[in-house]
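The structure under discussion appears below in the form of C-alpha coordinates.
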Amino acid sequence: MPESTAPTYSIPEQYLSSNADLTLKSSDADEFKVCSYMLKAHSKVFRDMLSDSTLVSNGHSIDIDATSPDLSMFLDYMHKSRVDPPADWAQAQAILQLCDKFECDIVSERVRRRLREGVRTSPWEAFALASQYDDVEIAQWALRALGNDHTRKDLTASNIGARDASMMTLLYLLGYLRLAYQPRTNWNYLGKQFKPGK
(Lines give C-alpha, C1' and ligand atoms only; values in the text may rest on other atoms or scores of the structure.)
Protein backbone atom coordinates (compact mmCIF):
# COMPACT_ATOMS: atom_id res chain seq x y z
CA MET A 1 0.00 0.00 0.00
CA PRO A 2 1.47 3.43 -0.90
CA GLU A 3 2.45 5.69 1.94
CA SER A 4 -0.04 8.52 2.40
CA THR A 5 1.24 12.02 2.81
CA ALA A 6 -0.39 14.81 4.74
CA PRO A 7 -1.96 17.50 2.58
CA THR A 8 0.33 20.46 2.13
CA TYR A 9 -0.73 23.94 3.08
CA SER A 10 -1.35 26.31 0.19
CA ILE A 11 0.23 29.69 0.97
CA PRO A 12 -2.02 32.57 -0.09
CA GLU A 13 -0.81 34.45 -3.18
CA GLN A 14 -0.42 37.59 -1.10
CA TYR A 15 2.52 35.98 0.74
CA LEU A 16 4.32 34.80 -2.40
CA SER A 17 4.99 38.24 -3.90
CA SER A 18 8.34 38.83 -5.56
CA ASN A 19 8.08 42.47 -4.39
CA ALA A 20 8.46 41.40 -0.76
CA ASP A 21 11.78 42.09 0.94
CA LEU A 22 11.59 39.54 3.78
CA THR A 23 10.87 35.83 4.17
CA LEU A 24 9.25 34.28 7.23
CA LYS A 25 9.55 30.51 7.56
CA SER A 26 6.84 28.62 9.44
CA SER A 27 7.50 25.56 11.61
CA ASP A 28 6.15 23.57 8.63
CA ALA A 29 9.06 25.00 6.55
CA ASP A 30 6.71 27.02 4.32
CA GLU A 31 8.11 30.39 3.26
CA PHE A 32 5.98 33.52 3.45
CA LYS A 33 7.22 36.55 1.49
CA VAL A 34 6.26 39.78 3.23
CA CYS A 35 7.09 43.46 3.16
CA SER A 36 9.13 44.32 6.23
CA TYR A 37 7.42 47.68 6.69
CA MET A 38 4.14 45.88 7.56
CA LEU A 39 5.84 43.90 10.30
CA LYS A 40 7.56 47.02 11.64
CA ALA A 41 4.25 48.89 11.68
CA HIS A 42 2.54 46.22 13.80
CA SER A 43 5.30 44.82 16.01
CA LYS A 44 7.74 46.41 18.42
CA VAL A 45 9.94 43.31 18.27
CA PHE A 46 10.07 43.24 14.47
CA ARG A 47 10.71 46.98 14.42
CA ASP A 48 13.82 46.51 16.57
CA MET A 49 14.92 43.32 14.82
CA LEU A 50 14.55 44.77 11.33
CA SER A 51 16.36 48.00 12.14
CA ASP A 52 19.44 46.04 11.04
CA SER A 53 19.12 46.63 7.29
CA THR A 54 21.53 43.80 6.46
CA LEU A 55 18.96 41.30 7.71
CA VAL A 56 16.52 42.46 5.05
CA SER A 57 18.96 43.29 2.24
CA ASN A 58 20.78 39.95 2.42
CA GLY A 59 17.57 38.00 1.93
CA HIS A 60 17.71 36.21 5.26
CA SER A 61 14.65 34.34 6.40
CA ILE A 62 13.28 34.50 9.92
CA ASP A 63 12.03 31.28 11.50
CA ILE A 64 8.66 31.67 13.21
CA ASP A 65 7.53 29.02 15.68
CA ALA A 66 4.01 28.67 14.24
CA THR A 67 2.24 26.38 11.82
CA SER A 68 1.59 27.72 8.34
CA PRO A 69 -2.16 28.28 8.90
CA ASP A 70 -1.47 30.13 12.17
CA LEU A 71 1.28 32.27 10.64
CA SER A 72 -0.94 33.05 7.66
CA MET A 73 -3.80 34.22 9.87
CA PHE A 74 -1.39 36.21 12.07
CA LEU A 75 -0.17 38.02 8.94
CA ASP A 76 -3.74 38.45 7.67
CA TYR A 77 -4.58 40.47 10.78
CA MET A 78 -1.75 42.84 9.81
CA HIS A 79 -2.60 43.06 6.11
CA LYS A 80 -6.38 42.83 5.77
CA SER A 81 -9.17 44.99 7.10
CA ARG A 82 -11.59 42.05 7.43
CA VAL A 83 -10.35 38.66 8.63
CA ASP A 84 -12.32 35.58 9.65
CA PRO A 85 -12.11 34.65 13.32
CA PRO A 86 -9.65 31.88 14.19
CA ALA A 87 -10.88 28.40 13.23
CA ASP A 88 -10.92 27.19 16.84
CA TRP A 89 -9.77 28.14 20.33
CA ALA A 90 -6.40 26.42 19.86
CA GLN A 91 -5.68 28.58 16.82
CA ALA A 92 -6.87 31.68 18.66
CA GLN A 93 -4.46 30.93 21.48
CA ALA A 94 -1.59 30.26 19.04
CA ILE A 95 -2.16 33.59 17.28
CA LEU A 96 -2.44 35.49 20.55
CA GLN A 97 0.82 33.89 21.70
CA LEU A 98 2.48 35.18 18.52
CA CYS A 99 1.04 38.62 19.31
CA ASP A 100 2.57 38.45 22.79
CA LYS A 101 5.93 37.19 21.55
CA PHE A 102 6.28 39.89 18.90
CA GLU A 103 4.46 42.63 20.88
CA CYS A 104 1.69 43.13 18.33
CA ASP A 105 -0.83 44.92 20.53
CA ILE A 106 -3.11 46.09 17.71
CA VAL A 107 -3.24 42.62 16.17
CA SER A 108 -4.01 41.10 19.57
CA GLU A 109 -6.87 43.54 20.06
CA ARG A 110 -8.29 42.75 16.60
CA VAL A 111 -8.14 38.99 17.21
CA ARG A 112 -9.86 39.29 20.59
CA ARG A 113 -12.63 41.42 19.10
CA ARG A 114 -13.30 38.73 16.48
CA LEU A 115 -13.44 36.06 19.18
CA ARG A 116 -16.68 37.49 20.52
CA GLU A 117 -18.43 35.87 17.57
CA GLY A 118 -17.46 32.40 18.82
CA VAL A 119 -18.44 32.70 22.45
CA ARG A 120 -21.91 31.22 21.93
CA THR A 121 -20.53 27.91 20.69
CA SER A 122 -17.74 27.51 23.27
CA PRO A 123 -18.39 29.90 26.16
CA TRP A 124 -16.19 28.14 28.72
CA GLU A 125 -13.20 28.09 26.37
CA ALA A 126 -13.80 31.75 25.52
CA PHE A 127 -13.97 32.60 29.22
CA ALA A 128 -10.70 30.73 29.85
CA LEU A 129 -8.97 32.57 27.00
CA ALA A 130 -10.31 35.90 28.26
CA SER A 131 -8.83 35.11 31.67
CA GLN A 132 -5.38 34.53 30.15
CA TYR A 133 -5.48 38.01 28.59
CA ASP A 134 -7.37 39.74 31.42
CA ASP A 135 -10.10 40.72 28.96
CA VAL A 136 -13.16 41.42 31.11
CA GLU A 137 -15.31 42.30 28.11
CA ILE A 138 -14.84 38.92 26.39
CA ALA A 139 -15.25 37.19 29.76
CA GLN A 140 -18.62 38.90 30.23
CA TRP A 141 -19.73 37.95 26.71
CA ALA A 142 -18.66 34.36 27.32
CA LEU A 143 -20.48 34.07 30.64
CA ARG A 144 -23.61 35.58 29.14
CA ALA A 145 -23.60 32.63 26.71
CA LEU A 146 -22.83 30.03 29.40
CA GLY A 147 -26.50 29.04 29.63
CA ASN A 148 -26.02 27.37 26.23
CA ASP A 149 -23.31 25.06 27.63
CA HIS A 150 -25.40 22.35 29.28
CA THR A 151 -22.37 20.55 30.72
CA ARG A 152 -20.90 23.59 32.49
CA LYS A 153 -23.66 26.09 33.20
CA ASP A 154 -24.18 24.74 36.73
CA LEU A 155 -20.53 24.41 37.80
CA THR A 156 -19.77 25.48 41.37
CA ALA A 157 -16.81 24.98 43.71
CA SER A 158 -18.27 21.63 44.82
CA ASN A 159 -18.57 20.09 41.35
CA ILE A 160 -16.01 21.77 39.09
CA GLY A 161 -13.32 19.42 37.81
CA ALA A 162 -9.60 20.14 37.89
CA ARG A 163 -9.43 20.37 34.08
CA ASP A 164 -12.15 23.02 33.85
CA ALA A 165 -10.78 24.97 36.82
CA SER A 166 -7.20 24.92 35.55
CA MET A 167 -8.15 26.45 32.20
CA MET A 168 -8.34 29.93 33.70
CA THR A 169 -6.52 32.24 36.04
CA LEU A 170 -7.36 32.16 39.72
CA LEU A 171 -8.86 35.67 39.79
CA TYR A 172 -11.25 34.87 36.94
CA LEU A 173 -12.17 31.53 38.51
CA LEU A 174 -12.97 33.32 41.79
CA GLY A 175 -15.06 35.88 39.92
CA TYR A 176 -16.94 33.06 38.19
CA LEU A 177 -17.56 31.14 41.42
CA ARG A 178 -18.90 34.27 43.08
CA LEU A 179 -21.52 34.50 40.31
CA ALA A 180 -22.24 30.75 40.31
CA TYR A 181 -23.57 30.99 43.87
CA GLN A 182 -26.04 33.76 43.06
CA PRO A 183 -29.67 32.73 43.50
CA ARG A 184 -30.41 33.98 39.99
CA THR A 185 -28.99 31.52 37.46
CA ASN A 186 -29.75 33.49 34.30
CA TRP A 187 -26.25 33.64 32.81
CA ASN A 188 -27.25 36.35 30.34
CA TYR A 189 -27.88 38.57 33.36
CA LEU A 190 -25.04 37.26 35.55
CA GLY A 191 -22.42 37.56 32.81
CA LYS A 192 -22.93 41.32 32.71
CA GLN A 193 -22.05 41.45 36.42
CA PHE A 194 -18.74 39.59 36.11
CA LYS A 195 -15.61 41.07 37.65
CA PRO A 196 -12.39 39.18 38.39
CA GLY A 197 -11.95 38.19 42.02
CA LYS A 198 -9.69 40.15 44.34
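The values are calculated or read from the model by the stated rules, or taken from the named source; none is laboratory data. Bear in mind that the values here come from a model prediction, so they are computed numbers and not experimental data. All Cβ positions, even for glycine, are placed from backbone atoms using ideal geometry, and neighbour counts span all protein chains on display.
In the set 107, 83, only one residue is in contact with a His (Cβ under 7 Å, 6 or more places away or on another chain) and in contact (Cβ under 8 Å) with a residue 24 or more places away in the chain; that residue is 107.
Would you call residue 175 buried (at least 17 other Cβ atoms within 10 Å of the Cβ), among the small types (Gly, Ala, Ser) and in the same structural domain as residue 130 (by TED's automatic domain parsing)? Answer is yes for this residue. Look at (1) within 19 Å of the chain's Cα centre (by Cα); (2) loosely packed, with under 13 Cβ neighbours inside 10 Å; (3) not aliphatic (A, V, I, L, M) and you find that residue 116 fails only one, number (2). The numbered conditions (1) on the phi < 0 side of the Ramachandran plot; (2) of a type outside the set (A, V, I, L, M); (3) in the same structural domain as residue 39 (by TED's automatic domain parsing) are all true for residue 127 except (3).
Here segment 40-99 is the region considered, the condition is being modelled with pLDDT under 90 and among the hydroxyl-bearing types (Ser, Thr, Tyr), and the residue that is nearest to the chain's Cα centre (by Cα) is 61.
Among the residues of segment 109-121, which ones are of a type outside the set (A, V, I, L, M, F, W, C) and either under 18 Å from residue 178 (Cα atoms) or in a loop (DSSP other than H, G, I, E, B) (or both)?
Step one: filter segment 109-121 for residues of a type outside the set (A, V, I, L, M, F, W, C), giving 109-110, 112-114, 116-118, 120-121.
Once the filter is applied, which keeps residues that are of a type outside the set (A, V, I, L, M, F, W, C) and either under 18 Å from residue 178 (Cα atoms) or in a loop (DSSP other than H, G, I, E, B) (or both), segment 109-121 yields 120, 121.
In segment 97-113, what residues are of a type outside the set (Val, Ile, Thr) and either buried (at least 22 other Cβ atoms within 10 Å of the Cβ) or not assigned by TED's automatic domain parsing to the domain that holds residue 74 (or both)? It would help to see each step written out before you state the result.
At the first step, the residues of segment 97-113 found to be of a type outside the set (Val, Ile, Thr) are 97-105, 108-110, 112-113.
Across segment 97-113, the qualifying residues are 98, 99, 104.
Residue 196 passes every criterion in (1) more than 27 Å from residue 73 (Cα to Cα); (2) assigned to a helix (DSSP H, G or I); (3) touching a residue at least 40 places away in the same chain (Cβ under 8 Å) apart from (2).
Given the criteria among the hydroxyl-bearing types (Ser, Thr, Tyr), free of Cβ contacts under 8 Å to residues at least 40 places away in the same chain and surrounded by 13 or more Cβ atoms within 10 Å (Cβ to Cβ), does residue 67 qualify?
no
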